[in-house]
Amino acid sequence: MQWEAVIGLEIHAQLSTKSKIFSGASTAFGAEPNTQACAVDLALPGTLPVFNEEALRNAVKFGLAIDAEIGRTSVFDRKNYFYPDLPKGYQTSQLFHPIVGVGHVDITQDDGTTKRVGVTRAHLEEDAGKSLHDEFPGMTGIDLNRAGTPLLEIVSEPDIRSAKEAVAYARNIHSLVTSLGICDGNMAEGSFRCDCNVSIRPKGQEEFGTRTETKNINSFRFIERAIIGEIERQIDVIEDGGRIVQETRLYDANKNETRSMRSKEEANDYRYFPCPDLLPIVIDEEYIEAVRATLPELPDARKARFIEQHSLSNYDAMVLSADRNLAEYFETVATACTDAKLAANWVMGELSKLLNQNDTAIADSPVSADQLGGLLVRIKDDTISGKIAKQVFEVMWSDGGSADEIIDAKGLKQVTDTGAIEGIVDEVIANADKQVAQYQAAEPDKRGKMLGFFMGQVMKASGGKANPGAVTSILKQKLDALCD
Amino acid sequence: MFDKTLAELASGLENGDFSSVELTQAYLDRIHAEDSKYNSYITVTDEIALSQAKAADEARAAGTAGPFTGLPVAQKDIFCTDGVRTSCASKMLDNFIAPYNATVVDKFNNAGAVMLGKTNMDEFAMGSSNESSFYGPSRNPWNTNCVPGGSSGGSAAAVAARLAPAATGTDTGGSIRQPAALCGITGLKPTYGRVSRFGMIAFASSLDQGGPMARTAEDAALMLNVMAGFDPRDSTSMQQAVPDFTADLTLPLKGLTIGLPKEYFPDDLSPAIALQVQNAVKEYEALGAAVKEVSLPNTALAIPAYYIIAPAEASSNLSRFDGVRYGYRCDEPVNLEDLYKRSRGEGFGPEVQRRIMVGTYALSEGFYDAYYKKAQQIRRLIKQDFVSVLNEVDVIMGPTTPHPAFKLGEKSSDPIAMYMEDIFTIALNLAGLPGMSVPCGQTNGLPVGLQIIGNYFAEQKLLNVAHQFQLATDWHKQTPDGI
Amino acid sequence: MALDRTDVEKIAHLARLQIDEQDIPQYTETLSDILDLVNQMQAVDTTNIEPMANSLDAVQRLRADVVTETNSRDKLQGVAPAVEAGLFQVPKVIE
């Protein structure tokens, strides 16, 4: 039988506010356990929440960016359940009246066409703390530093049909929230996490199958693998005559499989009701328009502009526009060297390679956009060759300095002096009788291809500094003279 | 000295008749000597009181004393007090030393007040008799076989027994007004949002409101001057200007219109109570007020709606007591569920558990619309009743309670009978309106309370109306036998 | 409206309350009585009545995004039943 997967994602994006959603404690990552959990975060008796205006603004920005209805009146509800990382015994969330209503994003598929994925809603809620299971025998340790960090939970429609689409959707949302500056997008630190709802049905059937929810996946690769694995598992179960159980599952990256979280299987009854310690959040048109005015250029618009303004390919434009920092870096480099294609190649090539190798974010790149721009200027004006430029770039990465300083200090300036080049060429030709004879014997229209050997020798002898264009023309001229 | 009101004590301090240390020591000595009869305090804070008194005397000597400097008060043990046990009269918090001050406590500290101690109450403020306290019931100074009312029963008993000149209370369904009525003192529940709830351990967040319990309306005004005001730490605190609540006390009542809701004088109302309240109304007529019969048609729905909203909110508010971060933890929990269930099962008393269960049930899947939402709709009907009546009259009056103080144990096995004691007080909390109880008579040696209800933020008016009554009568000056 | 033993056990579990077997009949009875009391609400037609969560129909005030709290772990954990290495301790949770 032909099966079709039906997938919906719930993405939890931590909002990059300085303080928590309902308290004045810091949200900074990585502090000593419980040093950023204040009386409110610990749910001490008598403590009360007060809502952070920046969390609201961030949520509204997101809503505007996905062209969604913004809740003029949104309400915090309590989701009641007991868990040690949930200090109040309820999570403050939004069930009945979320801040962001129905919206959509467009994803680019492999064949280059776009597909619209609906966003059902996005609501504000507080993050829970962390449970540490492995540090003490027989005990679990609770760190509440993360408790109360603002989250935007973005719920998609079940419009997604494959793991690839799911990743494209997740990347799109990631790129959106980072471009808006409302989430740092750091998946390793848990700032951007994804729950995947997956079901399958015979192709052509309208009705949805029973779904499972795989929770807290924190990389795009794992999203893809977890969904592929879950689809395969469900097909196997059904084809073996079994039934899918609606349940919560956990993705185990080490084993690359999902497994049932039986501990959470107990029937939940969250007893949602409006939080009486918080009042309805009412916003008006004026507020929304003021937020709209602060929206930065969004990835889709930026991509279109990159194609239009910089004549980039669709692929280059998509890669460079997805991340706001990367896009800004690219544009600075492109402006400096006045060659967008060259800038794109370097940013996506040498720079990205070293960033990946060193696991460094673009924002933390040791080579600034100005530095790289300065380097590309020297390629453009023939001061150095592309090959030398790579050496300069590596020095720049490890030791710093401007392109000109490095070129000077290392004596890498390209030789364009024809006299000097002629000397080298003469020497190379004098020491290559065999290759010269072959050149002479070749048909004239094949001779161009044979220049490569001589080029290599000349460049080697010049330490790579000879201007390749000049070398080519002098070589050609001298060798052709020998053929007459 | 123990017969003096706060206002009189303030002038005594001002005139140098006695120091705050002398006054405080006298109260502390009296508490230690007498409170075994009333059990009105859970914790007496001698050391803190004396050091605050000393600081108050120094401030007075330095010329920096304010109107409340050096005056002793007791705090209901629901307000968090930094470094002092804050138990909410529960085994759950018997070991809880609060690491911070409630805003109300901070305000008293900033005003230079002296804290005598923490008063007894119904566990987590759930009760109308003080019998649900983990520390044993407080007793009514007018008859120690009777309850002082609740939940702020310890505060009421302490003031009535002259073990504190004034105390704080909290009122979720009548918890200031009912014990004030039963103990013959003056209590005021302010408008919801008038007094900060930060640091006041929550029972039902949308109904809870702190307020003063004192001997007179004037003292209640002095207390409210300290307690009221916007608090940025409480989202439900209102940004309402705070007047000097003593400013209008002396205004004459001529032209005042009083509404008497017919629903507040049902056939089964204790005749003695009805009589005392009618006498009080006559007194007001003598003071120049006009009286009008009005109707609050949804009065009977207040108790049903309240017993959904309050337990629902409480069931969620009390989830934080889980034995993990503070409070009672059961011995040797075998797993997480055992930790939760035994810590909560052993830490909470039966009435608290009962209300948590009612609230849990009301919010559980499939019942939300029928219970919680319905109750919130009825809440609006009840508010509309009051709003339309208060468009026609200045204040509404009636009995605070249907009966005078009852015997210990008389209603403790029948929760519904206990709940019905709040029939006249509960609607105000649902509507968020301010209300007072002032002593207006006695029956069989037990005090009777007159309830006065005003419009939103009209506490000044209420205090004025109550004060004028107290200038004309002396019910508030009566002292229980043997005190 | 009558609850039965199973209802009470389910509610007690949801609320994480350990109740004694012998107390269940009494809880069942009083909870049923209370539900009878609150069910008086059902007699009233509340169609089109907006539920009232706050008596003043006030709206949420916003707090500026400023860090105002400093580390007070030692004081706050001073009242905790079990702490190790700055972490609150509970019996091992199996996921």
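The values are calculated or read from the model by the stated rules, or taken from the named source; none is laboratory data. Model, not experiment: these values are computed from the prediction. Positions of Cβ are backbone-derived with ideal geometry, glycine not excepted, and every protein chain shown enters the neighbour counts.
Here are the numbers for this structure:
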read-out: Residue, nearest to residue B:201 (Cα to Cα), within segment B:118-158, restricted to residues that are outside any loop (DSSP other than H, G, I, E, B) and under 12 Å from the mean Cα position of the chain (by Cα); value: B:125
read-out: Check on residue B:64, out of contact with any Cys (no Cβ under 9 Å at 6 or more places or on another chain), within 14 Å of chain A (Cβ to nearest Cβ) and either among the β-branched types (Val, Ile, Thr) or free of Cβ contacts under 8 Å to residues at least 24 places away in the same chain (or both); value: no
read-out: Residue within segment A:227-236 that is buried (at least 23 other Cβ atoms within 10 Å of the Cβ), of a type in the set (D, E, K, R) and farther than 24 Å from residue A:127 by Cα present; value: yes
read-out: Candidate set from segment C:40-67 (those that are part of a helix (DSSP H, G or I) and among the aliphatic types (A, V, I, L, M)); member that is farthest from the other protein chains (Cβ to nearest Cβ); value: C:43
read-out: Wholly enclosed strands (runs of 3 or more DSSP E) of segment A:153-269 bearing at least 2 residues of a type outside the set (Val, Ile, Thr) and over 30 Å from residue A:111 (Cα atoms); value: A:248-252, A:257-260
read-out: Qualifying residue in segment B:309-331 (condition: among the hydroxyl-bearing types (Ser, Thr, Tyr), crowded, with 24+ Cβ neighbours inside 10 Å, at the interface with another protein chain (Cβ under 7 Å from one of its Cβ atoms) and without any contact (Cβ under 8 Å) to a residue 40 or more places away in the chain); value: yes
read-out: Condition check for residue A:142: touching a residue at least 40 places away in the same chain (Cβ under 8 Å) and in the same structural domain as residue A:248 (by TED's automatic domain parsing); value: yes
read-out: Of all residues making up segment B:420-437, the number that are more than 8 Å from chain C (Cβ to nearest Cβ) and not in a strand (DSSP E or B); value: 11
read-out: Extreme residue, farthest from the other protein chains (Cβ to nearest Cβ), among residues of segment C:1-39 that are hydrophobic (A, V, I, L, M, F, W, C) and outside any helix (DSSP H, G or I); value: C:2
read-out: Any hit, segment B:177-198, residues being closer than 25 Å to residue B:112 by Cβ, in contact with a strand residue (DSSP E or B) (Cβ under 9 Å, 6 or more places away or on another chain), among the polar types (S, T, N, Q) and more than 14 Å from chain A (Cβ to nearest Cβ); value: yes
read-out: Some residue of segment A:347-354 being more than 15 Å from the chain's Cα centre (by Cα), surrounded by 22 or more Cβ atoms within 10 Å (Cβ to Cβ), in a loop (DSSP other than H, G, I, E, B) and touching a residue at least 12 places away in the same chain (Cβ under 8 Å); value: no
read-out: Residue match in segment A:113-120 (condition: in the same structural domain as residue A:23 (by TED's automatic domain parsing), closer than 18 Å to residue A:19 by Cα and at pLDDT 95 or above); value: no
read-out: Conditions (1) acidic (Asp, Glu); (2) surrounded by 14 or more Cβ atoms within 10 Å (Cβ to Cβ); (3) not assigned by TED's automatic domain parsing to the domain that holds residue A:456; number of the one not met by residue A:359; value: (2)
read-out: Complete set of residues in segment B:343-362 that are among the aliphatic types (A, V, I, L, M) and either out of contact with any Phe, Trp or Tyr (no Cβ under 8 Å at 6 or more places or on another chain) or more than 9 Å from chain C (Cβ to nearest Cβ) (or both); value: B:352
read-out: Test: residue in segment B:87-96 that is touching a strand residue (DSSP E or B) at 6+ places or on another chain (Cβ under 9 Å), over 18 Å from residue B:155 (Cβ atoms) and either assigned to a helix (DSSP H, G or I) or among the hydrophobic types (A, V, I, L, M, F, W, C) (or both); value: yes
read-out: Residue in segment B:417-436 that is touching a strand residue (DSSP E or B) at 6+ places or on another chain (Cβ under 7 Å) and either free of Cβ contacts under 8 Å to residues at least 12 places away in the same chain or surrounded by fewer than 24 Cβ atoms within 10 Å (Cβ to Cβ) (or both) present; value: no
read-out: Residue in segment A:129-139 that is within 14 Å of chain B (Cβ to nearest Cβ), buried (at least 22 other Cβ atoms within 10 Å of the Cβ) and of a type outside the set (S, T, N, Q) present; value: yes
read-out: Matching entry among B:236, B:246 (being modelled with pLDDT of 95 or more and buried (at least 23 other Cβ atoms within 10 Å of the Cβ)); value: B:236
read-out: Residues within segment A:270-289 that are within 13 Å of chain B (Cβ to nearest Cβ), in contact with a helix residue (DSSP H, G or I) (Cβ under 8 Å, 6 or more places away or on another chain) and assigned to a loop (DSSP other than H, G, I, E, B), tallied; value: 3
read-out: Per-region count, segment B:82-114, residues in contact with a Pro (Cβ under 9 Å, 6 or more places away or on another chain), more than 12 Å from chain C (Cβ to nearest Cβ) and surrounded by fewer than 22 Cβ atoms within 10 Å (Cβ to Cβ); value: 1
read-out: Segment A:61-120 - residue that is among the hydroxyl-bearing types (Ser, Thr, Tyr) and either in contact with a helix residue (DSSP H, G or I) (Cβ under 8 Å, 6 or more places away or on another chain) or closer than 30 Å to residue B:323 by Cα (or both) and, of those, surrounded by the most Cβ atoms within 10 Å (Cβ to Cβ); value: A:90
read-out: Residue list for segment A:13-42, filter: crowded, with 24+ Cβ neighbours inside 10 Å, among the hydroxyl-bearing types (Ser, Thr, Tyr) and over 22 Å from residue A:185 (Cα atoms); value: A:23
read-out: Residue in segment B:43-66 that is part of a helix (DSSP H, G or I), of a type outside the set (A, V, I, L, M) and closer than 18 Å to residue B:479 by Cα present; value: no
read-out: Among the candidates A:343, A:336, residue that is outside the structural domain of residue A:40 (by TED's automatic domain parsing), in a helix (DSSP H, G or I), without any contact (Cβ under 8 Å) to a residue 40 or more places away in the chain and not hydroxyl-bearing (Ser, Thr, Tyr); value: A:343
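Yes/no per residue for (1) touching a helix residue (DSSP H, G or I) at 6+ places or on another chain (Cβ under 8 Å); (2) among the polar types (S, T, N, Q); (3) assigned to a helix (DSSP H, G or I):
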{"site": "A:366", "(1), (2), (3)": "yes, no, no"}
{"site": "A:379", "(1), (2), (3)": "yes, no, yes"}
{"site": "A:393", "(1), (2), (3)": "yes, no, yes"}
{"site": "A:396", "(1), (2), (3)": "yes, no, yes"}
{"site": "A:408", "(1), (2), (3)": "no, no, yes"}
{"site": "A:423", "(1), (2), (3)": "no, no, yes"}
{"site": "A:435", "(1), (2), (3)": "yes, yes, yes"}
